[in-house]
Amino acid sequence: MSIYSNFVNVSPSVNTALEVLRNTQLKLGVTQRQMSSGLRVQNAQDNATYWTIATTTRSDIGAVSAVQDSLGLAAATVNVASTGMNSAIDIVSEIKSKLVSASEASVDKSKVNDELTALKAQLRSTADSASFNGVNWIVLDGDEDPTMPHQIPGSFIRGPDGSVSVGMLNYEGVSSTSGPITTDDARYLVDDQASNGGGYGVLTSTAFATAAGASQNYVLLSSENGDTSGQVEISLDANTTSGQLDDMVSTVDAMLKQMIKVGSAFGSLESRVQLQTDFASSFSDSLTSGVGKLVDANMEQQSSKLLALQTQQQLGTQSLSIANASMQVVQQLFQNL
């Protein structure tokens with residue numbers, strides 16, 4: 001038996017069959033793993049360079065996805081603000097028409113004033129309701145800084161040196177809070193801050209009456225918390241003169257121009273958000289495709305390879321069986337000695 005054992009240990013046919021079968025099973029295991037995971041580079045030992053690039057890029061894809069979510073939220077916020085401003089423009093245009101109609105001597109100014117009162121109440125309601133997720137871009141309230149822009153995460157940027165940053169889309173605030181407040185500083189529809197006199201809201205600022213050369217500090221709405229002393233809320237009665245009406249119309253017309261300017265800024269920002277959303281989606285798809293080219297397995301190729309290896313495994317098993325069978329014949333020969 002010891003002579004037979006030594007013969008088996010050095011038998012070329014058995015060793016060859018075992019080696020072929022071992023290599024086939026190793027390749028088969030790799031192919032099956034790639035088929036089940038869909039990846040030819042699943043961890044660093046498969047290809048350290050590609051794995052590093054893919055892992056970093058997947059992280060970036062997650063960041064881009066977060067930016068897409070932020071853009072969706074921002075789009076809703078800007079859309080609500082834009083809708084609120086557009087609705088306010090329609091209401092103020094109606095107020096302007098009512099004031100013009102009141103210039104007719106036969107018109108009952110007190111009845112026109114009733115209509116103005118209802119329209120102003122609608123303006124206040126529109127301003128207060130233009131809020132999304134607790135954020136209102138057309139009403140300045142609380143301790144907000146009017147110089148600070150409203151910012152929206154717009155892009156995820158990875159620099160050549162590997163540094164990362166988030167690009168922002170801005171709706172700019174006022175340039176400065178020092179000096180006299182001008183009509184250009186009215187970047188909101190309403191300014192309800194206690195620290196202001198309503199100057200940063202189109203409807204609450206006296207700057208428009210000043211710019212129109214009105215005899216009084218006309219406003220359409222009074223600030224709820226600010227200093228309103230000296231302000232005159234636009235209203236009519238039987239004693240309203242034609243000169244006062246002219247001043248009111250000029251003031252409201254100046255307000256409309258600024259509201260249209262702010263509405264245009266909101267519209268431009270909406271367009272930028274949509275463009276950036278489309279870009280972020282395409283960018284994420286490109287990154288995903290790039291990662292796939294580095295690490296994804298060719299499923300058709302691997303499927304064909306799997307069938308070939310399974311066939312080779314069967315042949316290898318049969319070869320080993322044949323080699324073992326020949327050893328059994330030799331064993332029987334030695335047993336007969």
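Throughout, read-outs are computed from the coordinates displayed, never taken from laboratory work. Computed from a predicted model, the values in this text were never measured in an experiment. A quick note on method: Cβ atoms are made from the backbone with ideal geometry, for glycine too, and the neighbour counts reach across all protein chains shown.
From the list Ser87, Ser59, Ser82, which one is surrounded by fewer than 17 Cβ atoms within 10 Å (Cβ to Cβ) and either in a helix (DSSP H, G or I) or touching a strand residue (DSSP E or B) at 6+ places or on another chain (Cβ under 8 Å) (or both)?
Ser59
Being among the basic types (Lys, Arg) and more than 26 Å from Thr56 (Cβ to Cβ), is that true of even one residue in segment 268-283?
Yes, because at least one residue in segment 268-283 is among the basic types (Lys, Arg) and more than 26 Å from Thr56 (Cβ to Cβ).
Only one residue in Ser175, Ser131 is within 29 Å of Asp69 (Cα to Cα) and out of contact with any His (no Cβ under 6 Å at 6 or more places or on another chain). Which one?
Answer to the check: Ser131.
So for segment 92-107 (the condition being among the polar types (S, T, N, Q), over 25 Å from Ser250 (Cα atoms) and not in a strand (DSSP E or B)), does at least one residue qualify?
No, because not a single residue in segment 92-107 is among the polar types (S, T, N, Q), over 25 Å from Ser250 (Cα atoms) and not in a strand (DSSP E or B).
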